[in-house]
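Asks: Here's a structure for you.
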Amino acid sequence: MTQKILTYEELGITDADLYEQMGYHGLLPDEKTQAEAAAIIRHVRTIIRPQFCFFVARELPAFDMGRIILRQLRDSEAYALFICTAGQLFEQYQQQLKTEGDMVRIFIADALGSVIAEKCADKMEESLQESIDKLGWKHTNRFSPGYCGWHVSQQQLLFSLFEGKTCGVTLTDSSLMVPIKSVSGIIGIGEKVRRLDYTCGLCDFKQCYKRKKAVSP
């Protein structure tokens, strides 16, 4: 098991990353929104403890992932199972904002949390690649329950494989992660696998956040 706690600075988040997630797609929000975003970032960077954990399995667990993901994993020699999270402190901050009822700040923090979780997953991929470089291996895209035909209920099986070491992330009865700003899933690794650009030809899930990026002007 590989596990690491990160700082906000290590995530390398830019203002453009946040504005993209907020829906501005290369444009700048108005000055008031920029100021609100900057204030939230200043606070969040002092409190969060994003972290990731992953381990490598030689055999593909008995997931019911569907043909799309299985096709992307077909040349894998092993599989990395991962969990990444913005952390409990960020979750508590979001709950505080909801109690205060400031919808602008709630919206900005929600977008920032999504960026934190994805950047944490990017760092996890970098750590994974470092661990397999000596083998001359590469890795596929990461795939998560709830996308590409892999039902979200499969989170239960995925989490059980971590034997309680889940970076503090738990599941609800409906298989949603808590903290909600978390990412989990599987990555194929091996000599012949490929990491592809996320394209909408990969699957037909209309609400995929990668699809939203793809249609940006």
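Asks: In region 61-92, how many are open to solvent by 60 Å² or more (accessible area, probe 1.4 Å) and modelled with pLDDT under 95?
Replies: 7
Asks: Pairs needed: first member in region 98-118, in a helix (DSSP H, G or I); second member anywhere, of a type in the set (Val, Ile, Thr) and open to solvent by less than 10 Å² (accessible area, probe 1.4 Å); C-beta distance under 7 Å; at least 6 residues apart or different chains.
Replies: That search, which allows pairs on different chains as well, returns 105/40; 108/40; 109/40; 112/40; 112/44; 117/85.
Asks: Sticking with this one: Name the residues in region 158-175 that are part of a loop (DSSP other than H, G, I, E, B) and under 14 Å from residue 84 (Cα atoms), would you?
Replies: Within region 158-175, 162, 165, 166, 167, 168, 169 qualify.
Quick grid of which residues meet (1) hydroxyl-bearing (Ser, Thr, Tyr); (2) in contact (Cβ under 8 Å) with a residue 40 or more places away in the chain:
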site	(1), (2)
13	no, yes
45	no, no
79	yes, yes
90	no, yes
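Asks: Can I ask one more? Which ranges mark the strands (runs of 3 or more DSSP E) fully within region 1-85 that have 2 or more residues being hydroxyl-bearing (Ser, Thr, Tyr)?
Replies: 78-85
Asks: Condition check: modelled with pLDDT under 95, over 12 Å from the mean Cα position of the chain (by Cα), part of a loop (DSSP other than H, G, I, E, B) and within 22 Å of residue 12 (Cβ to Cβ). Does residue 197 satisfy that?
Replies: yes
Asks: Just a yes or no: is a residue in region 93-105 closer than 30 Å to residue 43 by Cα, open to solvent by 90 Å² or more (accessible area, probe 1.4 Å) and of a type in the set (Ser, Thr, Tyr)?
Replies: yes
Asks: Confirm whether residue 51 is touching a strand residue (DSSP E or B) at 6+ places or on another chain (Cβ under 6 Å), touching a residue at least 12 places away in the same chain (Cβ under 8 Å) and of a type in the set (S, T, N, Q).
Replies: Yes.
Asks: Which of the residues that make up region 147-170 are open to solvent by 30 Å² or more (accessible area, probe 1.4 Å), in contact with a Ser or Thr (Cβ under 9 Å, 6 or more places away or on another chain) and either under 16 Å from residue 70 (Cα atoms) or among the aliphatic types (A, V, I, L, M) (or both)?
Replies: Residues satisfying the conditions are 151, 152, 154.
Asks: When you scan region 123-136, how many residues do you find that are touching a residue at least 12 places away in the same chain (Cβ under 8 Å) and either open to solvent by less than 30 Å² (accessible area, probe 1.4 Å) or part of a helix (DSSP H, G or I) (or both)?
Replies: 8
Asks: Specify which of the listed residues (35, 62) is without any contact (Cβ under 8 Å) to a residue 24 or more places away in the chain and of a type in the set (A, V, I, L, M).
Replies: So the residue among 35, 62 that is without any contact (Cβ under 8 Å) to a residue 24 or more places away in the chain and of a type in the set (A, V, I, L, M) is 35.
The values are calculated or read from the model by the stated rules, or taken from the named source; none is laboratory data. What you see is a predicted model, and the numbers here were worked out from it, not measured in a lab. We place every Cβ from the backbone using ideal geometry, glycine too, and count neighbours over all the protein chains shown. The accessibility values were calculated without ligands, DNA or RNA, using every heavy atom of the protein model including side chains. Shrake-Rupley method; radii C 1.70, N 1.55, O 1.52, S 1.80 Å.
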